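Chemist: This is the structure, below, for whatever I ask next.
Computed from the coordinates by the stated procedures, all read-outs in this text should not be read as laboratory data. Since the model is a prediction, treat every value here as computed from it, not as a measurement. So basically every Cβ, Gly included, is an ideal-geometry build from the backbone, and we count neighbours across all protein chains shown.
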Amino acid sequence: MRPLRPLRPWLLLLSVNSVASEFSEFSEYLNEFSELAEAYVRRLAKVPDWRQIPGDTDWFEGCGYGNYDIRGAIAAGLEHNKVRKHVAICLGHCGPPSCTLKMAESNCNCLHCTMFCMSRASYVDSCLNNHTRDLCLGFQSIITAVTNQTCNPDCNGTARLLLGHVALLLMLVSWSR
């Protein structure tokens, strides 16, 4: 076995410089990764929260449970949560500049957006029922009383019902011929 030769000083300096260079590149990589991670977290923060807040009005009573008898409680609960998520995302892109269910209680534009999103935002289920209609009418009267301005959101989802009636009428007319 051969004895090890002592390291030459210039070789040691070269290896220290290369390690420093590698460390510098790694540090830049970590900084870039940190910036990207912060941007990603900021982006995630823009997704509205869809969970029911204790003490707030529950707009989703009876929504998304259409498949309860067929698929069971767990699947129906997942569908209910899916409706909540879809409506929250819809509300995040509607109104002045975005709305929440809480804002719908005091802002006519947000109430209008809420009823639009309740009826059309989710592929799972339309969330227009007696409960949401009663909430809408109640908040509509409160907003009108407080602001002294007319607030006319579509609490019944009449645009959707009107299309259904027109389709039924056309079908009856075509059969009568």
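Chemist: Can you give the local net charge around His131? Use residues other than it whose beta-carbon is closer than 11 angstrom to its beta-carbon, Lys and Arg +1, Asp and Glu -1.
Modeler: Net local charge, His131 excluded: -2.
Chemist: On a full-extension model of 0.36 nm per residue, what is the gain between Asp56 and Ile89, subtracting their alpha-carbon distance, rounded to one decimal in nm?
Modeler: Length gained between Asp56 and Ile89: 10.1 nm.
Chemist: While we're here: Using each residue's phi in the range 106-115, evaluate 6.51 cos²θ - 1.76 cosθ + 1.60 at θ = phi - 60° and report the 3J(HN,Hα) Karplus result to the nearest Hz, with x for Gly and Pro.
Modeler: Those phi angles translate into 9, 10, 4, 4, 5, 5, 4, 4, 4, 5 Hz.
Chemist: Okay, next question. Using the Karplus curve 6.51 cos²θ - 1.76 cosθ + 1.60 with θ = phi - 60°, work out ³J(HN,Hα) for each residue of the range 67-74 in order, rounded to whole Hz, and write x for Gly and Pro.
Modeler: Ordered by residue, 3J(HN,Hα) equals 9, 4, 5, 7, 9, x, 5, 5 Hz.
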